[in-house]
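The values are calculated or read from the model by the stated rules, or taken from the named source; none is laboratory data. What you see is a predicted model, and the numbers here were worked out from it, not measured in a lab. Cβ sites come from the backbone with ideal geometry, for glycine too, and all protein chains shown count toward neighbours.
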Amino acid sequence: MSALSLPQGPTRDRDVVLDVRGLVKHYDDTPVLHGVDVTVGEHEVVALIGSSGSGKSTLLRCAALLEPITDGQVLLDGQDISDPTVDADTVRSRFGVVFQGFNLFPHMTVRQNITLAPRVVHGASVAEADARAEELLTRVGLLDKADAYPDRLSGGQQQRAAIARAIAVEPRVLLLDEVTSALDPELVGEVLALVRELAQDGLTILMATHEMGFARRVADHVCFLDQGRVCEEGPPEQVLADPVVPRTQQFLRRIIDAGRL
Amino acid sequence: MSTAVTGSAGTYRPTPLELERRGVRARRSRRSTLTALGSTLAFAVLLYVSVTNAPGWPRVQESFFDPDVAWEYLPDILRGLWLNLRVLAVAAVLTVVVALLLAVVRTLRGPVWLPLRLVATVYVDFFRGVPLIVLLYLVGFGVPALRFTDGRISSVVLGTAAIVLTYSAYVSEVFRAGIDTVHPSQRLGARSLGLSYAQSMRLVVLPQAVRRVTPPLLNDFVAMQKDVGLISLLGAVDAVRAAQIGALESFNFTPYVVAALLFVALSVPTARLADWVTARAARREQAGGVL
């Protein structure tokens, strides 16, 4: 099932970091993904768009080995991480994942949330991890909340803390799963601004998003998923402004009608 | 394992790569099954050899594992076990009823209910604190001394009452924990539809609470299965008492071993049921969480 291929701009000729090939995912007997191909290059930002249930979140979870895949391959830096003989924990430590619902640990302070993986998984000393956490907290603007517990933070602050936690381990790829969907409209901006900064800093990002305007401004490449297939992909100015596939046109028309683009 | 799935997109057939991976996974799971079997077997053999080679083993075998004695007293002990089962059935039902009442009363709000809440709280505090054996003696010998009736009250009835008193106090706390874990938004949702406090409790909160605490409840049920054996302290001839009589008659401990095995056989199905219910609840709550 190959998606409609369009002439791709020079931006796509980078070293491939994450390469998803023919990914099939079934939940019991319900097919969710039917052979999806997505690649993310070094320093590239790829946005997955599509309606709810199109398989965006499932694709991200499968890529990070948080869900067993039914068929297909996932390559990280050329290594086949879907090979059952690969140690999945080691592979996951090379990903950073930010979830829609933050998934911060409520029994730890923000600082402890951020330093957990560097200390326990990557063997950093407490001093190193704390220094790194301080640096990250400054960057996401939460230094004054370092010793607060997550339930004392607003949704936007929690999500920024979650992003800091995800990038604390210097992941090869940052996966963002609809990171603003659970936020109040007025808090969306602060999180998107942070993601944009990270993109400008050169992080490699694969994100599922409902924020079309944001995808258009930040993404280098956009994939439109529909019913578990990549229906159309290309540079954002093309896919989001001048789509060629009727299903994409219909999807965008609905979004524009709803006033969200 | 299904090899073909029919969905909106027609038929899916696994690629050779996936088939190869399934082979790898199957081989690996076979290997770990074999390892587990091997280590279990080795442990069992080691245990058997070390016990049977213990210096006192011949004596122990004689006085704890005598097949003739076991066979002789098995009918008596089984008859006793039948009494345990009947007591268990009655006690379990009564315990659930009393415990639910206590739990609901303790979650009532408002000053009007203070006396009731107070009574329930004192009940739970007291009966959870008194050791079951002490309570059995107090009820078993204290209540008849009050001479409510002319005739004798059966020790089975008194023993059951003591077990219900203790267990309802424990189980009510399990129910209360369950009620507390139902999110307040559920209550709001029910009240917003015009349901009364009692209706929202009965139709919305309790069904969710009970489902959530079923695994710990089954755990308490397993505990109760064994504790009904304590009614033998009041003289009721249940499985434990029958075994005791057998042991005294035969100068041999084998009847106790028989009773122990029967109680274990009784609790195993409940334990497996508890596992199954817990696993099912976990599957439902953590859809998509396989790690």
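Just one residue in the set B:229, B:246 is under 24 Å from residue B:98 (Cα atoms), assigned to a helix (DSSP H, G or I) and in contact with an Asp or Glu (Cβ under 7 Å, 6 or more places away or on another chain); that residue is B:229. The single condition among (1) of a type in the set (S, T, N, Q); (2) touching a residue at least 24 places away in the same chain (Cβ under 8 Å); (3) closer than 30 Å to residue B:75 by Cβ that residue B:208 does not meet is (3). Answer yes if at least one residue in the range B:147-159 is part of a helix (DSSP H, G or I) and touching an Asp or Glu at 6+ places or on another chain (Cβ under 9 Å), and no otherwise. Yes: the range B:147-159 contains one or more residues that are part of a helix (DSSP H, G or I) and touching an Asp or Glu at 6+ places or on another chain (Cβ under 9 Å). Among all residues of the range A:75-94, there is at least one that is within 17 Å of residue A:203 (Cβ to Cβ), hydroxyl-bearing (Ser, Thr, Tyr) and within 14 Å of another protein chain (Cβ to nearest Cβ).
In the condition set (1) in contact with a helix residue (DSSP H, G or I) (Cβ under 9 Å, 6 or more places away or on another chain); (2) over 23 Å from residue B:252 (Cα atoms); (3) at pLDDT below 95, residue B:11 is compliant with all but (1).
Per-residue answers, yes or no, for (1) under 20 Å from residue A:66 (Cα atoms); (2) within 14 Å of chain B (Cβ to nearest Cβ); (3) among the charged types (D, E, K, R):
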residue: A:180; (1), (2), (3): no, no, no
residue: A:188; (1), (2), (3): no, no, no
residue: A:197; (1), (2), (3): no, no, yes
residue: A:200; (1), (2), (3): no, no, no
residue: A:226; (1), (2), (3): no, yes, yes
residue: A:233; (1), (2), (3): no, no, yes
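Can you name the residue in the range A:95-140 that is surrounded by fewer than 18 Cβ atoms within 10 Å (Cβ to Cβ), aliphatic (A, V, I, L, M) and part of a loop (DSSP other than H, G, I, E, B) and is also nearest to the other protein chains (Cβ to nearest Cβ) among such residues? Among those residues, the one meeting the criterion is A:121. Is it fair to say residue B:200 is over 24 Å from residue B:86 (Cα atoms), more than 28 Å from the chain's Cα centre (by Cα), surrounded by fewer than 16 Cβ atoms within 10 Å (Cβ to Cβ) and in the same structural domain as residue B:232 (by TED's automatic domain parsing)? No. Flag set for residue A:165, criterion: modelled with pLDDT of 95 or more, at negative phi and within 16 Å of the chain's Cα centre (by Cα).
Consider residue A:50 carefully, then state whether it is more than 14 Å from chain B (Cβ to nearest Cβ), touching a Cys at 6+ places or on another chain (Cβ under 8 Å) and at pLDDT below 95. The answer is yes for residue A:50.
Scanning the range B:37-88 for residues that are loosely packed, with under 12 Cβ neighbours inside 10 Å and among the basic types (Lys, Arg) gives a single hit, B:59. When residue B:214 is tested against (1) buried (at least 17 other Cβ atoms within 10 Å of the Cβ); (2) more than 28 Å from residue B:158 (Cβ to Cβ); (3) in contact with a Ser or Thr (Cβ under 6 Å, 6 or more places away or on another chain), exactly one condition is not met: (3). The requirement of being within 12 Å of the chain's Cα centre (by Cα) and either among the small types (Gly, Ala, Ser) or not assigned by TED's automatic domain parsing to the domain that holds residue B:166 (or both) is fulfilled somewhere in the range B:210-227, by at least one residue.
Among the numbered conditions (1) in contact with a Leu (Cβ under 8 Å, 6 or more places away or on another chain); (2) in contact (Cβ under 8 Å) with a residue 60 or more places away in the chain, the only one that residue B:165 does not meet is (2).
Under the condition of being more than 14 Å from chain A (Cβ to nearest Cβ) and among the charged types (D, E, K, R), the residues counted in the range B:31-64 number 2.
Applying a threshold of 6 Å to beta carbon distances and a minimum spacing of six or more residues, or different chains, the list of pairs starting in the range B:4-30 at a residue that is within 9 Å of another protein chain (Cβ to nearest Cβ) and ending at one that is loosely packed, with under 12 Cβ neighbours inside 10 Å and modelled with pLDDT under 95 reads B:5/A:29.
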